[in-house]
Structures are given as C-alpha cells and as structure tokens.
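Peer 1: Dropping the structure in here first, questions after.
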Amino acid sequence: MARIAGIDLPRNKRIEVALTYIFGIGRPTAKDVCEKAGIDVNTKTDVLSESDVNRLREVIDADHLVEGDKRKEIGLQIKMLMDMGCYRGLRHRRGLPVRGQRTHTNARTRKGKKKTVAGKKKI
C-alpha cells in the first residue's frame, strides 16, 4: 500500500484517482504530478514500485501544498477575511452562505437545524 503525505492510497485504483484522496490534490493536479514523476496515469496503485512512490512523494513535496499545511493556509485566509471585515468575512463569522446563495429557504448546511416546526397549531 502506497503512503504519501500521511495518507494511505487506496488499492486497485488508477494512480490519477488515488492521488485525489490527498487533501489539496484534485484531478488536474494529479495528472500534473504523474507527468512530472514520469508515471502513466492509468497505472494501478497495486503495481507501483517503491521508487515510483518515492518519485511521486518528491514531486508532491517540492511543488504542492497538501494536507495539514493546506488546511492551515485556508484557515488563515478565512481568518484574514474575517479580520478585514469584508462581506465574505462577515458571512463566515455569522455562519451563513458565503457565495451568494439564498437563505430564505435552504442553506441548512451552513445555518444548522431548523429551530421551529412549521404548521403546528396553537391550542
């Protein structure tokens, strides 16, 4: 089992897809990493040799921010928006949708569980 950036890559998947299990690497970045490491994107993770894994690891460490460092950077960027007091920062602070979605209905992921039960009769 290949282990890169502290993540165990899944077995029996194409390396292009398996690399996306690492936070901060999507499909385009995975293709780029495979190309730089000289590995075919259709190669399964089961058949990777130790030298292939080391080349992938070196390319990722040299060129890309992944896992904990990436999460820390995103957190700092959100904190900067909140400190700045811009509109997006205020939306983050209040726990509301940031990218212009409506909140009259929906937005339950950001707002949380509904507080009142609609349609209940008072006796």
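The values are calculated or read from the model by the stated rules, or taken from the named source; none is laboratory data. Not measured: the values here are computed from a predicted model. Quick note on the areas: whole protein, heavy atoms, side chains included, nothing else; ligands and nucleic acids left out. Shrake-Rupley method; radii C 1.70, N 1.55, O 1.52, S 1.80 Å.
Peer 1: Out of the total accessible area of the chain (probe 1.4 Å, heavy atoms of protein only), what percent is carbon and sulfur? Don't skip to the end; give the middle numbers.
Peer 2: Numbers: 4560 of 8950 Å².
Within the chain, the accessible surface is 51 percent carbon and sulfur.
Peer 1: Could I ask something else about it? Connecting C-alpha atoms closer than 10 Å in a GNM of the chain, tell me which of Val41, Val53, Val98 has the biggest fluctuation.
Peer 2: Maximum fluctuation in the GNM of the chain, among the listed residues, is at Val98.
Peer 1: Treating the range 37-104 as a set of equal point scatterers at the Cα positions, no solvent, please give the Debye-formula log₁₀ I(q)/I(0) at q = 0.14, 0.16 Å⁻¹.
Peer 2: Log10 I(q)/I(0), no solvent term: -0.65, -0.69.
Peer 1: Which pairs break 32 Å Cα to Cα here: Lys13/Lys114; Lys44/Lys113; Lys79/Lys115? Mind dumping the intermediate values first?
Peer 2: On the way: Lys13/Lys114 40 Å; Lys44/Lys113 42 Å; Lys79/Lys115 28 Å.
Over 32 Å apart, Cα to Cα: Lys13/Lys114; Lys44/Lys113.
Peer 1: I've got another one for you. If I take every Cα pair under 8 Å that is 6 or more residues apart in the range 1-85, average their sequence separation and divide by the length, what percent do I get for the relative contact order? Intermediate results must be reported in sequence, preceding the final value.
Peer 2: On the way: 90 pairs, mean separation 26.1, N = 85.
Value for the range 1-85: 31 percent.
Peer 1: On average, how much accessible surface per residue is there in the range 7-118, in Å², for a 1.4 Å probe, leaving out ligands, DNA and RNA? Mind showing how you got there, number by number?
Peer 2: Values: 7760 Å² over 112 residues.
Here the residues of the range 7-118 average 69 Å² of exposed surface.
Peer 1: If you don't mind, another one. Could you state the principal axis extents of the C-alpha atoms in the chain, from the largest down, to the nearest angstrom?
Peer 2: For the chain, the Cα spread along each principal axis is 71, 38, 21 Å.
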